[in-house]
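J.: Structure in structure tokens, see below.
The values are calculated or read from the model by the stated rules, or taken from the named source; none is laboratory data. The shown structure was predicted, so the numbers you read here are calculated from the model rather than taken from an experiment. Cβ atoms come from the backbone with ideal geometry, glycine included; neighbour counts cover every protein chain shown.
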Ligand code: UDP
């Protein structure tokens, strides 16, 4: 698929619907996938922090999270069809997960927020199998959390640690997993928790 590069960050030229269909196909084929939804702040951070930029290079797909990226692409005469936000992608993945009874792991946010997120997802998407959850206030360098997630073999792991923590955590741990979709979702658990 075509990519459009903005300040050295290669964005996938896709819309929300096609993107989620692509992700679903990869889940079904048990292909490992690392998704970054990048807004202008993420691009600026990558520009300023080479360590973070290195981690972004592990991403399977980077999509345009925000109208700022879509406008920048238009100005560069390489238009992107629309923004593909982390929150919308997460909600669309939850719908697909419900249909397909996917195994989900939720990593991040404060414990109370996390518990509410688990309850609300389970209520709204009863066929999703939430195989585990862990709040985002643990030692991010520890192998213990990674080991337990590896054992659970989730189809999708949503990582809500804020940027750049979530992308750094995924990039550092990705090689430990055989399959699964990993995506940083920022403050999405806070929204779902209500
Ligand atoms: N968060 C976390 N661990 C941390 C820092 C933040 O789990 O060490 C969680 C925080 O509780 C919130 C989410 O990450 O649920 C998003 O945080 P923030 O708003 O700072 O990130 P942003 O949306 O700006 O990427």
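J.: Going through 104, 67, 4, 27 one at a time, which residue ends up being in contact (Cβ under 8 Å) with a residue 40 or more places away in the chain and more than 30 Å from residue 150 (Cα to Cα)? Show your work before the answer.
T.: On the way: 104 fails: more than 30 Å from residue 150 (Cα to Cα); 67 fails: in contact (Cβ under 8 Å) with a residue 40 or more places away in the chain; 27 fails: more than 30 Å from residue 150 (Cα to Cα).
Being in contact (Cβ under 8 Å) with a residue 40 or more places away in the chain and more than 30 Å from residue 150 (Cα to Cα) holds for just one of 104, 67, 4, 27, which is 4.
J.: Please enumerate the residues belonging to region 101-125 that are outside any strand (DSSP E or B), near the ligand (Cβ under 10 Å from one of its atoms) and buried (at least 17 other Cβ atoms within 10 Å of the Cβ).
T.: 109, 113, 114, 117
J.: All but one of (1) touching a residue at least 60 places away in the same chain (Cβ under 8 Å); (2) part of a helix (DSSP H, G or I); (3) over 16 Å from residue 170 (Cβ atoms); (4) touching a helix residue (DSSP H, G or I) at 6+ places or on another chain (Cβ under 8 Å) hold for residue 93; state the number of the condition that does not hold.
T.: Against the list (1) touching a residue at least 60 places away in the same chain (Cβ under 8 Å); (2) part of a helix (DSSP H, G or I); (3) over 16 Å from residue 170 (Cβ atoms); (4) touching a helix residue (DSSP H, G or I) at 6+ places or on another chain (Cβ under 8 Å), residue 93 comes up short only on (3).
J.: Here's another thing I want to ask about it. Which strands (runs of 3 or more DSSP E) sit wholly inside region 126-194 and have at least 2 residues that are near the ligand (Cβ under 10 Å from one of its atoms), under 19 Å from residue 89 (Cα atoms) and under 13 Å from the mean Cα position of the chain (by Cα)?
T.: 156-160
J.: Name the pairs: first residue in region 168-190 and at positive phi and modelled with pLDDT of 95 or more, second residue within 8 Å of the ligand (Cβ to nearest atom) and part of a helix (DSSP H, G or I), Cβ to Cβ under 9 Å, at least 6 apart or on different chains?
T.: 186/166
J.: Take region 150-160 and flag every residue that is surrounded by fewer than 21 Cβ atoms within 10 Å (Cβ to Cβ) and touching a residue at least 12 places away in the same chain (Cβ under 8 Å).
T.: Those that are surrounded by fewer than 21 Cβ atoms within 10 Å (Cβ to Cβ) and touching a residue at least 12 places away in the same chain (Cβ under 8 Å): 150, 152, 153.
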